[in-house]
Amino acid sequence: MDKAMIRTRFAPSPTGFMHIGNLRTALFEYLVAKSAGGRFILRIEDTDQERYVEGATEKIYEALAISGIEYDEGPDKDGGFGPYVQSERKNIYMERAMELVEAGRAYLCFCSEDRLEALHDAQKTSDFKGYDRHCRHLDEAEISRYLEEKRPFVIRQKMPLEGETSYDDAVFGRISVANETLEDQVLIKSDGFPTYNFANVIDDHDMQITHVVRGCEYLSSTPKYILLYEAFGYEVPTFVHLPLINGKDGHKLSKRHGATSFEDLLSEGYLPEAIINYLALLGWSPGGTQEIFSLEELCEHFKIKGIQKAPAVFDEDKLKWFNSQYLQAMSNDAFNARAMPYYLEVFGSKPLPARLDILAEILKPRLERLSEIPEKIAFLAERFDYELDLFNHKKMKTSPETAYPVFKKLIPWIESLEVFDHDPVYEGLVEFAKSEGLKNGQVMGPLRAALTAVPVSPGGAVEALCLLGRDEALARLNIAIEKIEAAQAAQA
Ligand code: GLU
């Protein structure tokens, strides 16, 4: 392998959904690698058997595929550094931990749950918290006896008791801790599985990860990992810790801020490419005024030094803006492909409008999210009831009375209309208004109202006419005519 090649990894735990923070981490890891021609690896961290969620790994593959973050190596893409699933590496961790025990850098701990609990309770009022290193001082005979008795044990890291451990984080700078504050943390649990604290070091070394990119919640535990790298004599990778993501209220992003998973955002009608674009700017500054970046452009522009320390703020209004920009920039066909599930929600088994291109044209500039589509186009699938007041327009001086003769004359005009295309229909209606001595709005306004039956619709009379087609448009105009006649009869 090329020595200089950057290798990063995304190491999610299968929880059943992709938190926005995790996806941001995956994206930054991808960008750190891809901006330098490196490789991006997927590793599944499933050693916490108690938290195992059925089908959760598939969700990770799915989220990465949808978001376009493609990995070069992973459980289903062998790159020669596998297995890429931690539960399949169980023996590796145990062997490695035993190496540390031999070297005097780790020890077996036989303390029972009861003892640890009692210790925890006793420490509630004392300054010292954590394991009291009881088993660090067991002699060989005691250890052999406990092993013979088959007592369960964990393996703990033997922390130095003095001095300090430091490293230089690529974002947060120098991080140092006094060794005396470090607990002799568990490396291998009593079920034989490693803790994250151990496995991350072994895996990152074995998979030749050059840049460990992850959330800043690991910033202060990293000195413990540095001590493990040193104990094994492994080369220490570059650490790139990412800033927190907060909600607008300054608190860490959580459920009470609304949608916090990628899946939630997709089902709320956000486009994956808009989400990715927005996430890239959560903690990274491109340094110019450009805000819209495709994934390829992000790869071109991304630099580690543009990552910021200050917490990023997840602002759903800003995400909506990005989404609307992406929606507007889409071709009609691409838009309709994404919008189709929402169209089907509205039309069910009824036929879709023949002019889906016109539908796309009117919707694209009017949406922040795809999920707004059903409400906006319901009038196309259903004939709503309405009050005649819908025909009143003060400025245009229209009313049911002025609309009535217009509708009557429009019936034969629509009957003879051949092409339901925007420009000829528009020109025809303008011509019609002119011949009647009316303003365009005096024809288009009431016509739009009669065809849509709602006060506000995307697009105007021309679009409604093209979308509904001849038969439905005529039927709705006739309903309007009957309504006005009925009202007039009631008044007489
Ligand atoms: N499994 C860890 C998590 O999901 C990975 C942290 C890391 O990237 O090292 O938080």
Exercise. For region 69-176, give the magnitude of the charge dipole about the Cα centre (Cβ charges: +1 Lys/Arg, -1 Asp/Glu; no others), in debye to the nearest 20.
Key: 340 debye
Quiz item: Once fully extended, how much extra length lies between Leu138 and Glu375, figured as 0.36 nm per residue of separation less the alpha-carbon to alpha-carbon distance?
Solution: 78.2 nm
Quiz item: Based on Cα positions only, what radius of gyration and what Dmax would you give for the chain, in angstroms?
Solution: 32.7, 112
Quiz item: Gap in Å between the Cα centre of region 43-97 and the Cα centre of region 299-330?
Solution: 28 Å
Quiz prompt | Dipole of region 179-247 [Lys/Arg +1, Asp/Glu -1 at C-beta], most positive-end residue of Gly192, Phe232, Val213 | solution = Val213
Quiz item: Among all stretches of the chain without exposed GluC sites (Glu not before Pro) (DSSP loop, at most 13 other Cβ atoms within 10 Å), which one is longest?
Solution: 236-381
Quiz item: What percentage of the solvent-accessible surface of region 367-407, computed with a 1.4 Å probe over protein heavy atoms, is contributed by carbon and sulfur atoms?
Solution: 50 percent
Practice problem: Spit out the partnerless Cys residues in the chain, using Cβ distances under 4.7 Å as the pairing rule. | Solution: Cys111, Cys216, Cys299, Cys466
Quiz prompt | Label-point gap, in nm, between Lys350 and Cys299 - each point 7 angstrom along Cα→Cβ | solution = 4.5 nm
Quiz item: What is the antiparallel percent of DSSP beta bridges lying wholly in the chain, to the nearest 5?
Solution: 55 percent
Quiz item: Taking Cα pairs under 8 Å and at least six residues apart, what relative contact order does region 31-166 come out at, in percent?
Solution: 22 percent
Quiz item: Of Ala453, Gln86, Asn22, whose Cα points farthest to the positive end of the dipole of the chain (charges on the beta-carbon: +1 Lys, Arg; -1 Asp, Glu; origin at the Cα centre)?
Solution: Ala453
Quiz item: Which entries in the list Lys90/Lys252; Lys350/Lys376; Lys395/Lys434 go over 23 Å, if you measure between the two C-alpha atoms of each?
Solution: Lys90/Lys252
Quiz item: For labels at Ser331 and His251 in the simple 7 Å Cα→Cβ model, what's the distance in nm?
Solution: 4.6 nm
Self-check item: Label-point gap, in nm, between Glu235 and Asp317 - each point 7 angstrom along Cα→Cβ
Solution: 4.9 nm
Quiz prompt | Net dipole in debye of the chain [+1 Lys, Arg Cβ; -1 Asp, Glu Cβ; about Cα centre; nearest 20] | solution = 1260 debye
Practice problem: Show the residues, 5+ positions off or on another chain, whose built amide H is closer than 5 Å to the amide H of Gly215. | Solution: Leu242
Self-check item: Of the trypsin sites (Lys or Arg not before Pro) in region 67-145, those whose Cβ has at most 13 other Cβ within 10 Å and which sit in DSSP loop
Solution: Lys124, Lys129
Quiz prompt | Cα Rg, Dmax, region 91-220, angstrom units | solution = 16.3, 49
Practice problem: For Ser166 and Ala4, compute 0.36 nm times the residue count separating them, minus their Cα-Cα distance, and round to one decimal in nm. | Solution: 55.9 nm
Self-check item: Evaluated at q = 0.12, 0.16, 0.21 Å⁻¹: base-10 log I(q)/I(0), Debye formula over Cα of region 238-367
Solution: -0.57, -0.90, -1.27
Quiz item: Quick one: Karplus J couplings for region 43-49, per residue in order, coefficients 6.51, -1.76, 1.60, θ = phi - 60°, nearest Hz, x for Gly and Pro?
Solution: 10, 9, 9, 10, 7, 8, 4
Quiz item: For region 111-172, what's the radius of gyration and Dmax over Cα atoms, in angstrom?
Solution: 16.1, 49
Practice problem: Stick to Cα atoms and the Kirkwood definition of Rh, then tell me Rg/Rh for region 27-94. | Solution: 1.00
Self-check item: Virtual paramagnetic centre 7 Å along Cα→Cβ of His120, amide N under 20 Å, in region 169-195
Solution: 182-195
Exercise. Multiply the residue separation of Asn197 and Val456 by 0.36 nm, subtract the distance between their alpha-carbon atoms, and state the gained length in nm to one decimal.
Key: 87.5 nm
Quiz item: Applying the Karplus parametrisation 6.51 cos²θ - 1.76 cosθ + 1.60 with θ = phi - 60° to the phi angles of region 281-298, what ³J(HN,Hα) value in whole Hz is obtained for each residue in order, glycine and proline being reported as x?
Solution: 8, 8, x, 10, 10, x, x, x, 9, 5, 10, 8, 9, 6, 4, 5, 5, 4
Quiz item: Rounded to the nearest 0.05, what FRET efficiency is calculated for Phe17 and Gln49 with R0 set to 22 Å and r the Cβ-Cβ distance?
Solution: 0.70
Exercise. Determine the per residue accessible area of region 89-141 with all protein chains present and a 1.4 angstrom probe, expressed in square angstrom.
Key: 64 Å²
Quiz item: Counting other Cβ atoms within 10 Å, which chymotrypsin sites (Phe, Trp or Tyr not before Pro) in region 80-159 have at most 14 and lie in a DSSP loop?
Solution: Phe128
Quiz item: Charges only on Cβ, +1 for Lys and Arg, -1 for Asp and Glu: so what's the dipole of region 423-492 about the Cα centre, in debye to the nearest 20?
Solution: 200 debye
Quiz item: Over all pairs of distinct alpha carbons, what does the Kirkwood formula give as the hydrodynamic radius of region 437-492, in Å?
Solution: 12.0 Å
Exercise. Could you give me the percent of Cα pairs per 5 Å distance bin for region 316-472, shortest bin first, beginning at zero and ending with the bin that holds the maximum distance?
Key: 1, 9, 17, 20, 19, 14, 11, 7, 2, 1
Exercise. Search the structure for amide H atoms under 5 Å from the amide H of Ile188, placed 1.01 Å from N in the peptide plane, and list their residues when 5 or more places away or on another chain.
Key: Ile155, Thr195
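The values are calculated or read from the model by the stated rules, or taken from the named source; none is laboratory data. Just so it is clear, the structure is predicted and the values come from calculations on it, not from any experiment. Note: ideal-geometry Cβ built from the backbone for every residue, glycine included; neighbour counts use all protein chains shown. Protein only, heavy atoms only, side chains kept; ligands, DNA and RNA dropped before computing areas. Shrake-Rupley method; radii C 1.70, N 1.55, O 1.52, S 1.80 Å.
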